[in-house]
1. Could you figure out which of (1) more than 21 Å from Ala190 (Cβ to Cβ); (2) surrounded by fewer than 16 Cβ atoms within 10 Å (Cβ to Cβ) isn't true of Asp58?
2. If you take the residues of the stretch 147-170 that are assigned to a loop (DSSP other than H, G, I, E, B) and out of contact with any Lys or Arg (no Cβ under 9 Å at 6 or more places or on another chain), which of them is surrounded by the most Cβ atoms within 10 Å (Cβ to Cβ)?
3. How many of the residues making up the stretch 98-113 are over 13 Å from the mean Cα position of the chain (by Cα) and not in a strand (DSSP E or B)?
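Only the coordinates and a few stated rules stand behind these numbers; no lab work does. Predicted model, so just to flag it, every value in this text is computed and none were measured. When we count neighbours, we look across all protein chains shown, and the Cβ atoms used for this are built from the backbone with ideal geometry, even at glycine.
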Amino acid sequence: MPEGRERDRYARASLREQAGDLIASARRHPGFVLVMVLVLGGGVLLTLWTPAAVKVGDMQAGDCLYIHAADADTDTPTGRPAGSAGGAMSALYAQGAEKAPCDGSHSHEVLLQTMLDDAPSAAYPGASALVERNRAACEAAFTAYVGRPSESSSLELIVAVPPESSWTDGVRAAPCLVGDAGGQFLLTPAKESRR
C-alpha cells in the first residue's frame, strides 16, 4: 500500500494533518490571529478584574461597597452620583452590591449586619416598623464605627430593611450602612474618620 496522506487513504485527515492545516492557515492570516488573541485575552482580563458581587445576606461589618442605585445622578454637577438612601436600599435588595476597596472610591460601608428573627411565614410588618426595630442598633454601630453620632456627622446612616418582595422570599438580612449625606462617593474609609 503506498504511503501518503491519511486524508487520501481514509477520506479524512489525521489530527496531525488537521493541526498542520490550521497552523498553515494562521500563517496566511496573521491579522485574524492577532484579533483573536486580543479578544480572548481581553475576555480573560475582564473576568479577572470583575469586582466580587455580594448579596445582602453575605455582607459583613467593614465591607466597602459599590451599590448601583437606580436614582444615581452623574449627569448634573449638583447630582447625587451614589444615589439616595432609598435608591441604594432598593438596588441592594434587588441585585446586591460589588465589593470595593475601602481606600478607593465606594458608595457605602457596612456598619453592622443584623438578621431579623421573624419566622419565614411571618407577615410583612412594613418598612417603617422594621427600621424602627433596627434603628438603635444601627445608631450604636454608627457611633462606634465612625467615631461620632450620626446626628452630628457629615455622613449618613442608612438602616436598610428588606422590602416586601424580599421579605416574602425569606430575606431577613438588615444591614446598617454609612454613606455620604450628599450622595457623593466616599474616597476614604468612613471607619474611625470622626466625620
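1. For Asp58, the failing item is (1).
2. Start the filter on the stretch 147-170 by keeping residues that are assigned to a loop (DSSP other than H, G, I, E, B), which leaves 147-149, 153-154, 160-163, 169-170.
So of that shortlist, the ones also out of contact with any Lys or Arg (no Cβ under 9 Å at 6 or more places or on another chain) come out as 149, 160, 163, 169-170.
Numbers: Pro149: 12, Ala160: 28, Pro163: 17, Asp169: 10, Gly170: 12.
Checked the stretch 147-170; the qualifying residue surrounded by the most Cβ atoms within 10 Å (Cβ to Cβ) is Ala160.
3. 4
Table: residues versus (1) surrounded by fewer than 17 Cβ atoms within 10 Å (Cβ to Cβ); (2) not in a helix (DSSP H, G or I).
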{"site": "Thr76", "(1), (2)": "yes, yes"}
{"site": "Ala82", "(1), (2)": "no, yes"}
{"site": "Ala91", "(1), (2)": "no, no"}
{"site": "Glu139", "(1), (2)": "no, no"}
{"site": "Tyr145", "(1), (2)": "no, no"}
{"site": "Leu177", "(1), (2)": "no, yes"}
